Amino acid sequence: MKIHVHSEVGPLRAVLLHCPGAEIVRMTQHELERMLFDDILAPEEAVAEHQMMAEIMRTAGTEVFELTDLLRDALAHAPADARHELLERVCALSGASAICPTLQAWPLDRIASVLVEGLDWAEVDPGNVSLARIRATCDHEARVLSPLPNLMFLRDPCISVFDRVVVGRMATTARSREPLVVSFALRWAPALAATFSFAGDDATRNDPFDSVEGGDVLVLSPGVLMIGCTERTSAQTLERLTLALFEDHPTLQRVHAVLMPRARSVMHLDTIMTQIDRGLFLGHVPLIAGDSRGSALPVVRLERGKVPRLLQGATVLDVLREEFGAHVELVACGGDDPLHQEREQWTDGANAVALAPGRIMLYARNRWTIAELAKHGFSEVRLSTIQPPQLRRQLVEEGMQRARTVFTFSGSELSRARGGGRCLTMPLRRDPLEEHDR
């Protein structure tokens, strides 16, 4: 199967997910800040919520690939030197190159687990002695490879753009292993064998100026991208990525860079805006459209063959209307009340993922946002594990037949990890919108 993502809302035919597992169990309260979490999660509830999301997608006609399955297949089918290179790079990132030969000798299933769930020194043969191990023992550090609790947010480490996968450069050490693992799975798993763009080794670059994450990249059309310049995506890398995409994709004409605050509350562009239908976006109004305080975000246009240009006085909403017509509307995350706008932006009320034009998923807790969506013709279909499976299937199938539906489910645990439906999904294939219109 080839990657094919030319919009944010074309019918979703294939997606990559990663259901959280032992990696979130291995994270304690003492590691929260380093692991980018605000709290430890309840594993069973987080898994149940994620499985509900996957069930909705399957029922809606999306083929769901699970990362751990792809990773095992990739390890089994990749050449030995490719596996060796992966483990060498993973161990080097963790400052534990001495354990690489040990990992190489382990069964492939165990390697796949370790790459995601992490590894303690106690699990490594005591005969494998290195200065790094002695120092870790003296400092009472149990871990040799940290777990990857953020890996469920698969939007970030690798990014589907048109017919290729862009390999991310993570802004934080806690996530630095993720692009290696995900790109390896996508490259070598027989089910996909993806083609890559912007995949070179940036090891010589200064870390603060070398980062791009998928939550900042919106594929608006075959000719237009919008990318957030945020605490997770640097201006330098955004510009280099744009030049690479211009070279690889003749249809791409413009990239709009949205200059965002360097703040965790708005870490990615999709934390404040996502597309939910043709000409319809869901977003945090003060930043996307501006308010009386003049809070609208600046936008810079990068065009083929031209120097970057700041669009003086233009808001993100202005740019969207210039691109797609005056009919473009913005649904206010949290409704009209500034208090609820702030609260529901924090709980991923602006982070919807489209299953098809006008059919989206959102956490049920964002009640003010859901009420605002109703004003734009969205019917809510609330799914729960309490419902019989056949009833859930019927509700999803009926919802997909309506022009506009918001499928909601409990996300009490997943939202505490600071990510919504778009963050949790890596689209692999969307039908072209023009085909959907026929």
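Ignoring ligands, DNA and RNA, what percent of the 1.4 Å accessible area of region 1-97 is carbon and sulfur?
The C+S portion of the solvent-accessible surface of region 1-97 is 49 percent.
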Between helix 80-93 and the chain, what is the angle of the helix's C-alpha long axis to the longest principal axis, kept within 0 to 90° and rounded to the nearest 10? 80
Where does the chain land at 222 nm, in deg cm²/dmol rounded to the nearest 500, when only DSSP H runs of n ≥ 4 count, each adding -39500 (n - 2.57), divided by all residues? -9500 deg cm²/dmol
Could you please state how large a percent of the accessible area of region 274-352 is carbon and sulfur, counting protein chains only and using a 1.4 Å probe? 52
Report the full-extension gain for the segment Ala326 to Cys138: residue separation times 0.36 nm, less the Cα-Cα distance, to one decimal in nm. 61.2 nm
Express in nm, to one decimal, how much length is gained between Thr385 and Thr195 on full extension, taking 0.36 nm for each residue of separation and deducting their alpha carbon distance. 64.6 nm
Set of region 124-154 residues, backbone N closer than 14 Å to the point 7 Å along the Cα-Cβ line of Leu32: none
Charge tally in the Cβ shell below 12 Å around Cys423, where Lys, Arg are +1 and Asp, Glu are -1, Cys423 excluded: -1
Accessible area of the chain divided out per residue, in Å², using a probe of 1.4 angstrom: 41
With +1 assigned to the C-beta of every Lys and Arg and -1 to the C-beta of every Asp and Glu, and no other charges, what is the dipole magnitude of the chain about the Cα centre in debye, to the nearest 20? 540
Sorting Arg34, Arg262 by accessible area (1.4 Å probe), largest first, what list results? Arg262, Arg34
Could you give the nm distance between label points at Ala374 and Leu339, where each point is 7 Å from its Cα heading toward the beta carbon? 2.0
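In percent, how large is the relative contact order of region 22-139, given Cα pairs closer than 8 Å and 6 or more residues apart? Mind showing how you got there, number by number?
Working: 52 pairs, mean separation 26.5, N = 118.
Relative contact order here is 22 percent.
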Given N residues in the chain, what is Rg(Cα) / (2.2 N^0.38 Å)? 0.97
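Given an 8 Å cut-off on Cα distances and at least 6 residues of separation, report the relative contact order of the chain as a percent. Write out the running numbers ahead of the final one.
Details: 898 pairs, mean separation 97.3, N = 438.
It rounds to 22 percent for the chain.
The values are calculated or read from the model by the stated rules, or taken from the named source; none is laboratory data. Here the structure is a predicted model, which is why all the values come from computation and not from measurement. All Cβ positions, glycine included, derive from the backbone under ideal geometry; neighbour counts span all protein chains shown. Note: areas computed on protein heavy atoms with side chains; ligands, DNA, RNA excluded. Shrake-Rupley method; radii C 1.70, N 1.55, O 1.52, S 1.80 Å.
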